[in-house]
1. Once both axes come from the Cα atoms, what is the angle between helix 73-91 and the longest principal axis of the chain, in degrees from 0 to 90, rounded to 10?
2. Got a sec? Charge dipole of segment 127-283, +1 on Cβ for Lys and Arg, -1 for Asp and Glu; which of Leu136, Val260, Leu204 is way out at the positive end?
3. What net charge do the residues around Ile61 carry, taking every other residue with its C-beta under 11 Å from that of Ile61, with Lys and Arg at +1 and Asp and Glu at -1?
4. How large is log10 of I(q)/I(0) for the chain at q = 0.07, 0.09 Å⁻¹ when the intensity is taken from the Debye formula with one equal scatterer per alpha-carbon?
5. What does the charge count near Val217 come to, summing +1 for each Lys or Arg and -1 for each Asp or Glu among other residues with Cβ under 15 Å from its Cβ?
6. Per-residue ellipticity at 222 nm for the chain, helices alone: DSSP H runs ≥ 4 residues times -39500 (n - 2.57), over residue total, nearest 500 deg cm²/dmol?
7. At a Förster radius of 41 Å, what calculated FRET efficiency corresponds to the Cβ-Cβ distance of Val99 and Lys231, to the nearest 0.05?
8. Using the Karplus equation 6.51 cos²θ - 1.76 cosθ + 1.60 (θ = phi - 60°), what ³J(HN,Hα) coupling, rounded to whole Hz, does each residue of segment 253-269 give in order, writing x for Gly and Pro?
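Rule-based calculations on the coordinates, nothing more; no lab input. Being a predicted model, the structure only gives us computed values, none of them experimental. Note that each Cβ is placed from the backbone with ideal geometry, even for glycine, and that neighbours are counted across all protein chains shown.
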Amino acid sequence: MTTEMSPSDGQGVITELRRRYDALTNSQKRIAETIVEDPSFVAFATVDKFAARLGVSPSTIVRFAYRIGLSGYPELQEQVRELVLKGLRTEGGNGDDVVAHLGSTVFAESMRHDMRLLERTAERLEEPELDRAVELIVDAGRVAVAGGVTAYGIAYYAAVTLDRVRPGVVLLSGAPVPTGPIVDMGEGDVLLALSFPPYARSTLGAIDAARERGVSVVAITDSPISPLRGKVDVLLPAGVSGIGMQNSLVAAVAVTNMVVNGVTERVPGALERYSETVSLLAGWDVYLLEPGGDG
């Protein structure tokens, strides 16, 4: 079978996954997401081990390889290995391990994993998309922020920090998500949505409702091929895989900070609004210490 992918750096497989994602079955989407989120596993796992991890048959993975234009699982692994090797070649550095003093502990493994997530996230982010996300939020009449389950903590942080530098920010919280703020929104408004596996239905529902009303949607999610793809105006990827039962949200917080800092830099009167907000909170005796850049 002739393939359109370039085997030189493995990027062809990622491009093909993005192009074909919407047409894949649910099982095939899970395969694609695993390739994007954990290429090191896929690069060296047997087809049986890969299948066992996802709870699918080995033939499903082989058919997936055919579906994206490859000759089979060995060629898929070759492409993914090129991705992994490229990442190793571009990491650079002098080999210093900043958590070596923690030894071979779960604490060190967790920290190293988070650092890799940040590096991988930085590689995937594109400045034009960050600029577009920031401009949409700066120019919006109103901004709603949504995030369900574990993403709610980051959504709350995003709403609080954006509210300090621009007016018209509301957090969509509760189960179910309150409908009033969405019903009141329209063209010229923005929904900032945060969603990560296994993806909260309430967040996806808020996105659909917002789009029906002409609201622009900026999403921070785990992958360019997440279920949010095709539903949003701007998608900012943030790696969220974990070493244990829970996903790590370190990179998601970092991307949120990038957006908040970009908005702060461009919103007229942001510094004055921030100072007024902090002064108001200080007057309510909210803080133990004198308020500064934290809180």
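1. Compared with the principal axis, the helix lies near 50 degrees.
2. The residue sitting most towards the positive pole is Leu204.
3. +4
4. With one equal scatterer per Cα and no solvent, log10 I(q)/I(0) is -0.31, -0.51.
5. Here the count lands on -2.
6. -16500 deg cm²/dmol
7. 0.60
8. Calculated HN-Hα couplings, in order: 5, 4, 5, 4, 4, 4, 5, 4, 5, x, 5, 4, 5, 10, 6, x, x Hz.
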